[in-house]
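Peer 1: Here it is, the structure in full.
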Amino acid sequence: MAANNRRMSGKKGAQVGSGGQRRRGLEGKGPTPPAEMRKGHAKQRAAAAKSRRAQGARPQARRGGGKSTSELVVGRNPVVEALREGVPASTLYVQQFIDNDERVREALQLAAERGGINLMEAPRPELDRMTNGLNHQGLVLQVPPYEYAHPEDLVDAAHDEGEDPLIVALDGVTDPRNLGAVVRSVSAFGGHGVVVPERRAAGMTAGAWKTSAGTAARTPVARATNLTRALEAYKKAGIAVVGLAADGEAEIGSLEALDGPVVIVVGSEGKGLSRLVGETCDFRVRIPMPGGAESLNAGVAAGIVLYEAARRRV
C-alpha cells in the first residue's frame with residue numbers, strides 16, 4: 001500500500017534512485033568545440049562529406065532530372081532571333097509559296113550555317129494546325145525537349161573539378177527570362193548549375209535560352225521533384241543552404257558560409273521564399289539596398305550574391 005501511495009503522490013522533486021543525475025546536469029560541459037566538430041553545423045557536414053569523398057565513397061545510381069516537352073517558336077522575328085541566339089532547334093518549317101523577304105532569307109541562311117536543323121516545307125493549313133492558329137507568318141521553329149540534370153549531378157561536377165559547389169536554386173520563379181538571366185550569372189561567376197522545381201516554375205524554354213545568351217549550353221539546369229527535399233539532401237552532403245530574404249538576419253557581406261560549398265536560394269520577386277523552403281535554409285540573408293528599393297528580380301539578386309561568393313573564392 002505504501003508503494004502505491006508513493007507512485008500516486010503529486011509531490012515534485014528528485015525520485016528515489018536518481019543517482020545524482022540532476023546535480024551532474026548542472027555541471028559545465030567544457031569549452032564549445034569548433035564548428036567542424038559540432039553535430040549539425042554546416043562546416044561539420046562539409047567536413048564529413050569531404051571525408052567520405054576522400055575514402056572513395058561512390059554515390060548511388062540515380063536517374064536524371066527528366067526532359068521537358070518540345071516547343072514551337074512562331075513568327076518571322078521570333079524565329080530569326082532564336083536562331084541568332086543559338087537556341088537549340090531540330091526543324092525549321094517554312095510555308096509553301098511564302099513571300100521571300102529578308103527575314104525568311106536570314107532564317108534559312110542561319111539554319112543552314114548551324115547545321116543539324118531539318119528544313120521542311122509545309123502548306124499553310126498544316127502550320128495553322130501545328131500552331132493552333134497562331135500568326136506564324138510562314139515560319140515555325142521546333143525546339144527539342146531540354147534534358148535536365150539531377151540536382152546531385154551539379155555537386156559531382158564541382159567535385160570533379162576540385163571545387164566547392166556553388167549552386168543557385170530558384171523557388172517560385174516563373175518567368176523564363178529570369179531563369180535565363182540566372183543561368184548567365186552562374187556561368188559568369190564560375191557556378192556549377194541551377195536547380196528549379198518540377199512544378200509551378202520556369203523551365204528551359206526558348207525564352208530562357210535567349211536570355212542566357214548561349215551560356216545554357218555549358219551551365220546545367222537540374223530539375224527537382226521536391227525542392228525542399230533537394231535542399232535537405234544538399235545539407236546532408238555538407239553544403240550550406242543560404243536563402244535570400246528582405247528580412248534576413250544577416251547581410252551577404254558578413255556571411256562566412258559563402259566561402260565554402262553553398263546553395264543560394266532565390267525566391268520570387270513578389271512572394272519571396274516559400275515557408276518550407278525558408279525553414280530549410282541554414283541562413284537567411286539580405287542584400288543591403290541604400291536606394292530603398294523593396295526587392296530585386298531573381299536574375300539581379302542571384303548575380304549580386306554570386307559575385308560576392310566568387311570574390312571570396314579567388
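The values are calculated or read from the model by the stated rules, or taken from the named source; none is laboratory data. Remember, predicted model here, so these are calculated numbers, not experimental data. No Cβ is skipped: glycine too gets one built from the backbone with ideal geometry, and neighbour counts run over all protein chains shown. All accessible areas refer to the heavy atoms of the entire protein, side chains included, with ligands and DNA or RNA removed. Shrake-Rupley method; radii C 1.70, N 1.55, O 1.52, S 1.80 Å.
Peer 1: Looking at Ala301, Ala257, can you tell me which residue is within 23 Å of Ala230 (Cβ to Cβ), under 16 Å from the mean Cα position of the chain (by Cα) and outside any loop (DSSP other than H, G, I, E, B)?
Peer 2: Numbers: Ala257 fails: under 16 Å from the mean Cα position of the chain (by Cα).
Ala301 is the lone residue from the list that is within 23 Å of Ala230 (Cβ to Cβ), under 16 Å from the mean Cα position of the chain (by Cα) and outside any loop (DSSP other than H, G, I, E, B).
Peer 1: Can you confirm whether the range 250-267 contains a residue that is more than 25 Å from Ala188 (Cα to Cα) and open to solvent by 60 Å² or more (accessible area, probe 1.4 Å)?
Peer 2: Scanning the range 250-267, I find no residue that is more than 25 Å from Ala188 (Cα to Cα) and open to solvent by 60 Å² or more (accessible area, probe 1.4 Å), so the answer is no.
Peer 1: Among the numbered criteria (1) assigned to a helix (DSSP H, G or I); (2) open to solvent by 60 Å² or more (accessible area, probe 1.4 Å); (3) in contact with an Asp or Glu (Cβ under 6 Å, 6 or more places away or on another chain), which one does Glu232 miss?
Peer 2: (3)
Peer 1: Going through Glu106, Glu163 one at a time, which residue ends up being more than 33 Å from the chain's Cα centre (by Cα) and farther than 22 Å from Met204 by Cα?
Peer 2: From the options Glu106, Glu163, the qualifying one is Glu106.
Peer 1: So which helices (runs of 4 or more DSSP H) stay within the range 74-157 end to end and still have 1 or more residues that are surrounded by 17 or more Cβ atoms within 10 Å (Cβ to Cβ), at negative phi and β-branched (Val, Ile, Thr)?
Peer 2: Here the list reads 76-84, 102-114.
Peer 1: Considering the range 213-229 alone, what residues qualify as being of a type in the set (Ser, Thr, Tyr), in contact with an Asp or Glu (Cβ under 9 Å, 6 or more places away or on another chain) and in a helix (DSSP H, G or I)?
Peer 2: Initially, the range 213-229 is screened for residues of a type in the set (Ser, Thr, Tyr), giving 215, 219, 225, 228.
Restricting the remaining residues to those that are in contact with an Asp or Glu (Cβ under 9 Å, 6 or more places away or on another chain) gives 225, 228.
Listed by number, the list holds a single entry, Thr228.
Peer 1: Within the range 123-157, can you find the residues that are over 29 Å from Arg275 (Cα atoms) and of a type in the set (Gly, Ala, Ser)?
Peer 2: The answer is Gly133, Gly138, Ala157.
Peer 1: State all residues of the range 285-299 that are touching a residue at least 24 places away in the same chain (Cβ under 8 Å) and open to solvent by 60 Å² or more (accessible area, probe 1.4 Å); if no residue qualifies, say none. It would help to see each step written out before you state the result.
Peer 2: Initial filter on the range 285-299 (touching a residue at least 24 places away in the same chain (Cβ under 8 Å)): 285-288, 294-299.
Matches in the range 285-299: Arg286, Pro288, Glu294.
Peer 1: Let me ask something additional. Filter the range 193-222 down to the residues that are at pLDDT 95 or above and surrounded by 24 or more Cβ atoms within 10 Å (Cβ to Cβ), then identify the one that is nearest to Ile167 (Cα to Cα).
Peer 2: Filtering the range 193-222 for residues that are at pLDDT 95 or above and surrounded by 24 or more Cβ atoms within 10 Å (Cβ to Cβ), the one nearest to Ile167 (Cα to Cα) comes out as Val194.
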